[in-house]
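K.L.:
What follows is a single structure, and I will ask about it in a moment.
The values are calculated or read from the model by the stated rules, or taken from the named source; none is laboratory data. These numbers come from a predicted model, not from an experiment. Please note: Cβ atoms are built from the backbone with ideal geometry, for glycine as well, and neighbour counts cover all protein chains shown. These area figures cover heavy atoms from the full protein model, side chains too; ligands, DNA and RNA do not enter into them. Shrake-Rupley method; radii C 1.70, N 1.55, O 1.52, S 1.80 Å.
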Amino acid sequence: MQKSTPEEIRHRFDNDVERFSNLETGQSATIDAPLVLDLIVRAAANVTPGATRSLDVGSGAGNYTLKLLEALPGLDVDLLDLSAPMLERARERLAHVALGKIRTVQDDIRSVTLEEETYDIVVAAATLHHLRTDTEWEQVFTKLYRSLRPGGSFWISDLVQHESAALQDVIWTRYGEYLSGLRDDAYRDHVFAYIEKEDSPKPLGFQLDLLRRVGFQYVEVLHKNGPFAAFGGIKGA
């Protein structure tokens, strides 16, 4: 199957703002979304307690940045997303709590230019699975590594593939049961259909190795449940 183009993905998210605007539940199709949000924010804040600027890649309606501002209220925040309506909602929500500057950028992480050593914290939630080739993955991880100041950190929450086909079948069956229990079999089929159409996740091992290869001094896994993982890298000081 030919995967969705960035424009097709943008169009779907333009029309799905409300589902991504709940700080308490996060995206319900993601297992343990609230737990992972809390873990990543705590990790980022503890690794760089003096952080002054962050980047939210694929920010959606701003859940991760909203939560990050609870821990680090003085941050200047940059939000990057394909969808203008998502960015508008994020700015609206952040305006009530942000003490620092808010900057929104409608662009693709593959094409946007990021200044080197600009950010203390970068987060990317449920977005990097839209990367396609190994070259794209390496270019994006390298770009984000270089955008971090020394001692900064990059945290990912995402859908991951499994290298063993037998294990992938076990995990995917379990995820299908989760989705059916959350709503019904029709919802499971709906989620599976857009994952098949839009997403091209990489194994967790591939991404951990890539974090090391592009230069991160420390690489850590915070959580994994089924086909979802939270992990990241810390740049040397």
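K.L.:
Report the FRET efficiency, 1/(1 + (r/R0)^6), for residue 2 and residue 183, where r is their Cβ-Cβ distance and R0 is 25 Å, rounded to 0.05.
P.N.:
So the FRET efficiency works out to roughly 0.35.
K.L.:
Only Lys, Arg, Asp and Glu count, each charged at its Cβ (+1, +1, -1, -1), so figure out the dipole size of segment 66-162 about its Cα centre, rounded to 20 debye.
P.N.:
On the way: 11 positive and 16 negative charges, 47 e Å.
My answer is approximately 220 debye.
K.L.:
Taking 0.36 nm per intervening residue step and subtracting the Cα-Cα distance, what contour gain separates residue 209 from residue 118 on full extension? Present the calculation step by step, with values, prior to reporting the outcome.
P.N.:
Details: separation 91, 0.36 × 91 = 32.76 nm, distance 2.39 nm.
30.4 nm is the gain from fully extending residue 209 to residue 118.
K.L.:
How much mean residue ellipticity at 222 nm does the chain get from its helices, if each DSSP H run of length 4 or more adds -39500 (n - 2.57) and you divide by all residues, to the nearest 500 deg cm²/dmol?
P.N.:
Numbers: 8 runs with 101 residues, N = 237.
Taking each H run of at least 4 residues, the total per residue is -13500 deg cm²/dmol.
K.L.:
Over segment 25-89, what is the relative contact order in whole percent, taking alpha-carbon pairs under 8 Å and six or more residues apart?
P.N.:
Answer for segment 25-89 is 32 percent.
K.L.:
Mind computing the radius of gyration and Dmax over the alpha-carbon atoms of the chain? Å is fine for both.
P.N.:
16.8, 49
K.L.:
Averaged per residue, what accessible area in Å² does segment 67-220 show with a 1.4 Å probe, protein chains only?
P.N.:
For segment 67-220, the per-residue accessible area is 48 Å².
K.L.:
Next up: Arranged from highest to lowest average of other beta-carbon atoms within 10 Å per residue, in what order do the peptides 131-140, 227-236 appear?
P.N.:
227-236, 131-140
K.L.:
Here's another thing I want to ask about it. What lysines does residue 3 reach when the alpha-carbon gap must be under 17 Å and sequence neighbours fewer than 8 apart in one chain are set aside?
P.N.:
197, 202
K.L.:
Taking the dipole about the Cα centre of segment 83-171, with the C-beta of Lys and Arg at +1 and of Asp and Glu at -1, give me whichever of 151, 168, 87 is farthest to the positive side.
P.N.:
Going by the charge dipole, the pick is 87.
K.L.:
Quick check for me: using +1 on Lys/Arg Cβ and -1 on Asp/Glu Cβ, what's the dipole size of the chain about its Cα centre, in debye to the nearest 20?
P.N.:
In debye, rounded to 20, the chain gives about 520.
K.L.:
Right, something else. Using the Karplus curve 6.51 cos²θ - 1.76 cosθ + 1.60 with θ = phi - 60°, what ³J(HN,Hα) values do you get for each residue of segment 73-79, in whole Hz, with x for Gly and Pro?
P.N.:
Couplings: x, x, 4, 7, 10, 10, 10 Hz.
K.L.:
Which whole-number percentage describes the relative contact order of segment 119-233, with Cα contacts under 8 Å and a sequence gap of 6 or more? All intermediate terms of the calculation are to be shown ahead of the outcome.
P.N.:
Numbers: 150 pairs, mean separation 40.6, N = 115.
Normalised by residue count, the contact order of segment 119-233 is 35 percent.
K.L.:
Pairs of alpha-carbon atoms within less than 8 angstrom and 6+ residues apart define the contacts here; what relative contact order does the chain have, in percent?
P.N.:
Value for the chain: 20 percent.
K.L.:
Need the list of aspartates and glutamates near residue 101 for cross-linking: C-alpha distance under 12 angstrom, and skip anything on the same chain fewer than eight residues off.
P.N.:
Output for residue 101: 76, 78.
K.L.:
Moving on. With each label point set 7 Å from Cα along the Cα-Cβ vector, what nm distance links residue 110 and residue 163?
P.N.:
2.5 nm
K.L.:
How long are the three semi-axes of the equivalent ellipsoid of segment 101-226, in whole Å, if each is the root of 5 times an eigenvalue of the C-alpha gyration tensor, listed from largest down?
P.N.:
30, 17, 14
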